[in-house]
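Here is the structure we will look at, set down as C-alpha cells.
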Amino acid sequence: QAEILPDDVVLQVGQTVRALQGTFRAVTISIPAGFKVDGVTDKSGTPLSFNLPQVGKALVPLPSETSGPVDLVWQLRSTIGAGNPKVKLAPPMVDEAVRQDGMLGVISPEGFSLRVIDGESHGLERIGAATFRRFADAVLRQGDSSVSHAFSFEGTCQVSLELQRVVASFLVRPSYELTIAADYAEFIATLDLRVFRGAVESLQFKWPKW
C-alpha cells in the first residue's frame, strides 16, 4: 500500500515467503529505485533486524533454516510526493523467487487526482479498490478506505502516476455579529465552509474599508 504525502511516499509491503523445495535462512529483497527501508516487522508487528548488504538490497536474517511461510511487513519511504508531478512506484521483490504476485493500492494526497501514465507503466492490471482493501486487511491488517487506485501484479512491475491538482469546489455560509458601543465597535464573522471537491488551502477576504 502506497500513501503519497505532500513531501514523500510511504510504502507498506506485506510479504509471505515460502520454499517450494528445500529451506532458507534469510530473506533478501531488491529495494525499489528511489526508496529506502525504514524498518521491517513480522505480521504481529514485532520489529525485526535487517541489514543492507549492498546498494539496493535489504536482508532479514532468520533464527533458523525454514521452508516457511515467513510473513514480513516492510516500511519504505521515498522523498518524492505532491511537489513532484510524477511518482513511480514498484513493490520490493524477493531475490531468487520463482514466483511473485500481489496487489498494490495507492492513496493520493488530499486535493489531487491520479492519472496512470501507460507508456511508463508495466506488469500491472487494474482492479477494484474494494478488492484491494480486503487483501490489505488480511496481509497488512489495515485496508485504507481512501485507496483511489489498485492493481494486481505477477513478477516485476512499475506504475508511473501523474498527480493533478483538483480545482476546489466549496460553499461558504457566513454569519455576522456587529456590536456598537459608545467608544468601540466589534465585528465578528463566522464562516461555515463545506468542501465538495478538491482541497482548500487558504481563503482570501475582501475586507471592508473601515
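The values are calculated or read from the model by the stated rules, or taken from the named source; none is laboratory data. Please read all numbers here as calculations on a predicted model, not as lab measurements. Note: ideal-geometry Cβ built from the backbone for every residue, glycine included; neighbour counts use all protein chains shown. Accessible surface is based on the protein model in full, side chains and every heavy atom, while ligands, DNA and RNA are left aside. Shrake-Rupley method; radii C 1.70, N 1.55, O 1.52, S 1.80 Å.
Out of the residues in region 145-178 meeting the condition of being open to solvent by 90 Å² or more (accessible area, probe 1.4 Å) and not in a strand (DSSP E or B), tell me which one is farthest from A2 (Cα to Cα).
V167
Under 7 Å by Cβ, and 6 or more places apart or on different chains, what pairs join a residue from region 72-83 that is at pLDDT 90 or above with one that is assigned to a loop (DSSP other than H, G, I, E, B) and among the basic types (K, R)?
V73/K43
Scan R99, R77 and give me the residue that is part of a loop (DSSP other than H, G, I, E, B) and either touching a helix residue (DSSP H, G or I) at 6+ places or on another chain (Cβ under 8 Å) or surrounded by fewer than 19 Cβ atoms within 10 Å (Cβ to Cβ) (or both).
Criteria check complete, one pass: R99.
Is it the case that region 115-128 has a residue that's modelled with pLDDT of 90 or more, closer than 23 Å to G39 by Cα and among the hydrophobic types (A, V, I, L, M, F, W, C)?
No, because not a single residue in region 115-128 is modelled with pLDDT of 90 or more, closer than 23 Å to G39 by Cα and among the hydrophobic types (A, V, I, L, M, F, W, C).
In a loop (DSSP other than H, G, I, E, B), farther than 22 Å from F132 by Cα, out of contact with any Pro (no Cβ under 8 Å at 6 or more places or on another chain) and at pLDDT below 95: does that describe G34?
yes
How do the pairs read when you match residues in region 170-182 that are within 17 Å of Q204 (Cα to Cα) with residues anywhere that are of a type in the set (K, R) and in a strand (DSSP E or B), using Cβ under 7 Å and keeping only pairs 6 or more apart or on different chains?
Taking only residues 6 or more apart or on different chains, the pairs are F170/R194; L171/R194.
Which one of these is in a strand (DSSP E or B), touching a strand residue (DSSP E or B) at 6+ places or on another chain (Cβ under 7 Å) and in contact (Cβ under 8 Å) with a residue 40 or more places away in the chain: G68, G105? Reasoning before the result, please.
Values: G68 fails: in a strand (DSSP E or B).
Exactly one of G68, G105 is in a strand (DSSP E or B), touching a strand residue (DSSP E or B) at 6+ places or on another chain (Cβ under 7 Å) and in contact (Cβ under 8 Å) with a residue 40 or more places away in the chain, namely G105.
Assess whether V17 counts as being closer than 24 Å to F151 by Cβ, touching a residue at least 24 places away in the same chain (Cβ under 8 Å) and in contact with a Pro (Cβ under 9 Å, 6 or more places away or on another chain).
yes
Scan region 4-31 for residues that are open to solvent by 80 Å² or more (accessible area, probe 1.4 Å) and part of a strand (DSSP E or B) and jot them down.
Hit for region 4-31 is R25, nothing else.
May I ask you to list pairs of residues, at least six apart or on different chains, whose Cβ atoms are under 7 Å apart, with the first in region 112-136 being under 11 Å from H149 (Cα atoms) and the second being acidic (D, E)?
What qualifies is R115/E162.
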